[in-house]
């Protein structure tokens, strides 16, 4: 680590003596000084609670209450790490997250105590905020002063779970130096001022809220306003109440805001910027028209291995220009994908060849996963054409590709790149489909289907083909007319011949995660055997008709005959 790097502990300590309002939550207001003092008291308590030789980790199972940033600050001052625990997890999965991150202390609140009932959590001490016992524990430390001397830039500060579509979530590591640098970079990029207020409505157990919202506010000395949980109906009232100037979003949050009832005074708000991912160019433009607020779509892998910055002149729909080392590779050949070709309307014409995985060949700050070398090896792989050969076996087996120049960072995200070097997000690598030997990206098909007039939300994913590869399935929230939908598909000039959905599931509301991302894994697992209405287009037919129980039985028999029935449950 560079000796000139800042620590988050230093940023916390810098607010000592700053008596401006710095944190708002419901009816509660804390000054910056009070936040620093609260963090110092909890840091002192944590130092006494951590058992000898235990990992310096504290699990935080909280909604967005003031205790969450207070414990982030406490961990920073104590040279410890916060493991953000997702309250939407249940039973053994929840216990696994707590035990995997080796947290001897777990901070929670009364509302989440039922989640812990019956869980076997040996060696974990529970602190329940807002109780007399908790207040009594903190009382002896009330006079603590923040001392950043215990922390270095290399100290772990965050263990935050990535929401992968397969397998158990992985706990990505973020150090104090990386988080402080990210905060300072974003504060500079968006000209964050000390009088700004950052509205944190995305869950703080997720990297987005901490890295892109809390950290730049801390770096600039700006205030933060917390929302316990995201609420589309409460968003604008909160923004006005707290005089918020900046917010972050992920997943479908922007779509939910646009779905609220429009009001004549929607543009009467203090916001100047929203920063996030997955809003899409159409919804970003609609948001700016309605609320008068510019949305900046950025990209940064949760693990820190690659980032793309928006800059003036970035084309509509693009995330930003590729920095040195960022390339779009065909995952099979590891060759660079050809540049994107667009029609006069800006629609991608060569998605099958132009879309690949974003790879960073340059040095990057990826700091690994907690106790998961297999997942780390999947991220750090040889990123040069197969025709160049492979790294020496001893290097590959020992994880030494980084030293040999081959340890590139594979993001797991699909992109395409235009002739000017601008990058466009095309979905997760896990959302790639292979139909009749052609590779397709789910996000590209989703963008096309989102034009359908009856669609409020669309998710596209693969279901297995009875013979080989995949078939395209879509879930659509909204009104579905099979004749109108078939006609709509025929009218889309950029819908490739393999892209039209074989199955369409119609739902009232799209299932989403706690961070408003679509639960594609569950949709993919249920496939066409689900409780919602499913329409399908039998092979050789152009029209959609309702899938019946007899149809399902016939399809399953086709899979069984070819030994592929088990793929329906993947």
Given (1) over 28 Å from residue 162 (Cβ atoms); (2) out of contact with any strand residue (DSSP E or B) (no Cβ under 6 Å at 6 or more places or on another chain), index of the condition residue 29 fails: (2)
Residue 273 vs. criteria in contact with a strand residue (DSSP E or B) (Cβ under 8 Å, 6 or more places away or on another chain), under 28 Å from residue 179 (Cβ atoms) and outside the structural domain of residue 448 (by TED's automatic domain parsing): yes
Single residue of region 161-181 satisfying the filter (crowded, with 22+ Cβ neighbours inside 10 Å and at pLDDT below 95) that is farthest from residue 224 (Cα to Cα): 170
Selection within region 23-34 - without any contact (Cβ under 8 Å) to a residue 40 or more places away in the chain and either surrounded by 22 or more Cβ atoms within 10 Å (Cβ to Cβ) or in a strand (DSSP E or B) (or both): 28, 29, 30, 31
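Yes or no, residue by residue, for (1) farther than 25 Å from residue 208 by Cβ; (2) in contact (Cβ under 8 Å) with a residue 24 or more places away in the chain:
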residue	(1), (2)
500	yes, yes
504	yes, yes
511	no, no
520	no, yes
523	no, yes
538	yes, no
Selected residue (only one of 342, 287 is under 25 Å from residue 476 (Cα atoms), in contact with a strand residue (DSSP E or B) (Cβ under 7 Å, 6 or more places away or on another chain) and at pLDDT 90 or above): 287
Residue identified as surrounded by 24 or more Cβ atoms within 10 Å (Cβ to Cβ) and part of a helix (DSSP H, G or I) among 37, 9, 44: 9
Candidates 67, 5 - the one that is within 29 Å of residue 230 (Cβ to Cβ), touching a residue at least 60 places away in the same chain (Cβ under 8 Å) and within 27 Å of the chain's Cα centre (by Cα): 67
Among residues of region 12-22, those that are touching a strand residue (DSSP E or B) at 6+ places or on another chain (Cβ under 6 Å) and buried (at least 23 other Cβ atoms within 10 Å of the Cβ), counted: 1
Pair list, Cβ < 6 Å and 6+ apart or interchain, from region 75-95 residues that are on the phi > 0 side of the Ramachandran plot to residues that are part of a helix (DSSP H, G or I): 79/150
Given (1) assigned to a helix (DSSP H, G or I); (2) surrounded by fewer than 22 Cβ atoms within 10 Å (Cβ to Cβ), number of the condition residue 456 does not satisfy: (1)
Checking residue 273 against (1) at pLDDT 95 or above; (2) surrounded by 15 or more Cβ atoms within 10 Å (Cβ to Cβ); (3) closer than 28 Å to residue 111 by Cα, the condition it does not meet: (3)
Check on residue 420, out of contact with any helix residue (DSSP H, G or I) (no Cβ under 7 Å at 6 or more places or on another chain) and at pLDDT below 90: no
Among the candidates 234, 298, residue that is within 20 Å of the chain's Cα centre (by Cα) and closer than 27 Å to residue 218 by Cβ: 298
Positions within region 206-228 being assigned to a loop (DSSP other than H, G, I, E, B) and at pLDDT 95 or above, in sequence order: 221, 222, 227, 228
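The values are calculated or read from the model by the stated rules, or taken from the named source; none is laboratory data. Because the structure is predicted, anything quoted here is derived from the model rather than measured. In this analysis, Cβ positions are derived from the backbone assuming ideal geometry, glycine residues included, and neighbour counts consider all displayed protein chains.
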